[in-house]
1. Roughly what angle does helix 115-148 make with the longest principal axis of the chain, taking Cα atoms, 0 to 90 degrees, to the nearest 10?
2. Among the aspartates and glutamates, which have Cα under 13 Å from the Cα of Lys181 when same-chain residues fewer than 8 positions away are ignored?
3. Answer with a single label: of [x] 19.1, 64; [y] 19.3, 61; [z] 21.8, 84, which was calculated as Rg and Dmax of the Cα atoms in Å from the structure in view?
4. Per 0.36 nm of contour for each residue apart, how much would the distance between Trp29 and Asp116 grow if the chain were fully extended, relative to their Cα-Cα spacing?
5. Might you report the magnitude of the Cβ-based charge dipole of the chain about its Cα centre, with Lys and Arg at +1 and Asp and Glu at -1, to the nearest 20 debye?
6. Can you compute the FRET efficiency between Thr45 and Tyr107 using 1/(1 + (r/R0)^6), with r the Cβ-Cβ distance and R0 = 25 Å? Round to the nearest 0.05.
7. List the relative contact order of the chain as a percent without decimals, with contacts defined as Cα pairs under 8 Å and 6+ residues apart.
8. Given Lys64/Lys140; Lys25/Lys64; Lys81/Lys152; Lys25/Lys140, which pairs have Cα atoms separated by over 21 Å?
Amino acid sequence: MRIPFMSLFMTSPFDGLQEHVEKVKEVAWAFQQAMECYVITRCTTFEDLRNEVIDLEREADSIKRRIRGHIPKGTLMVVDKFQLFRYLREQDSVLDAVEDAMDWISYKPEPGVPEDIQQDFFLLVDATIEPIEELARMVKEARKYFDGYSNKQRDVVKEIIRTLRRMEHDADKLEDTLKRKVFAEVEDPISVFHLVRLAEIIGYIANHAQNAGDMMRAMIAK
């Protein structure tokens, strides 16, 4: 029987992961508002929301550094330290993709998306927010698993990971549909390039969420 070493920690490394993923969720909500603002053209608060994302990302970076810096060499771990850091890197990459999307939008000063594809952008953004919500649930359930190594709890985590994969696949399909519509319905070549690239960057958010799920799958593997 595997011994739950978690009791040997004054603080579980999963406490930090949970704190970090909650910050990722805050960033996701701000990003969703920013995209709604940008798409409809009438919004005047995009820069405020972008700055909010930047501030939250800095707070998440501080949490990330704390997680990495508070695991002394030779400390007994419930998971391999390098697996933990690889997982954290993917969870943090969700934030990087959000910030990249916000930066990319800011390069084109005129806000707005052609009305015929606005709904497609909203659907894609929603499809990338949902995996982040699921990511937070996965970390919460993984903490429970590493507290007692219950096979039942392990199955709960594995099902969330499968859900993340399905969500990423759905987001991929929405991204593909959106890009096809951009090429078909937008005439200005600069706008085509900007919108297609934006769709790709938004899609990376779901990709990194799925990658984090794959990293978690490795951590709970027997």
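Every read-out reported here was derived from the displayed coordinates using simple, explicitly stated rules and does not represent laboratory data. If you're wondering where the values come from, they're calculated on a predicted model, not measured in any experiment. Neighbour counts are summed over all protein chains in view; Cβ atoms, including those assigned to glycine, are modelled from backbone coordinates with ideal geometry.
1. Once rounded, the angle reads 0 degrees.
2. The reachable aspartates and glutamates, counting only those whose Cα sits under 13 Å from Lys181, are Glu115, Asp116, Asp120.
3. [x]
4. Details: separation 87, 0.36 × 87 = 31.32 nm, distance 2.44 nm.
That works out to 28.9 nm of additional length.
5. 1680 debye
6. Numbers: r = 18 Å, r/R0 = 0.74.
Efficiency, rounded to the nearest 0.05: 0.85.
7. Numbers: 242 pairs, mean separation 65.8, N = 222.
Relative contact order, the chain: 30 percent.
8. On the way: Lys64/Lys140 17 Å; Lys25/Lys64 15 Å; Lys81/Lys152 24 Å; Lys25/Lys140 13 Å.
Over 21 Å apart, Cα to Cα: Lys81/Lys152.
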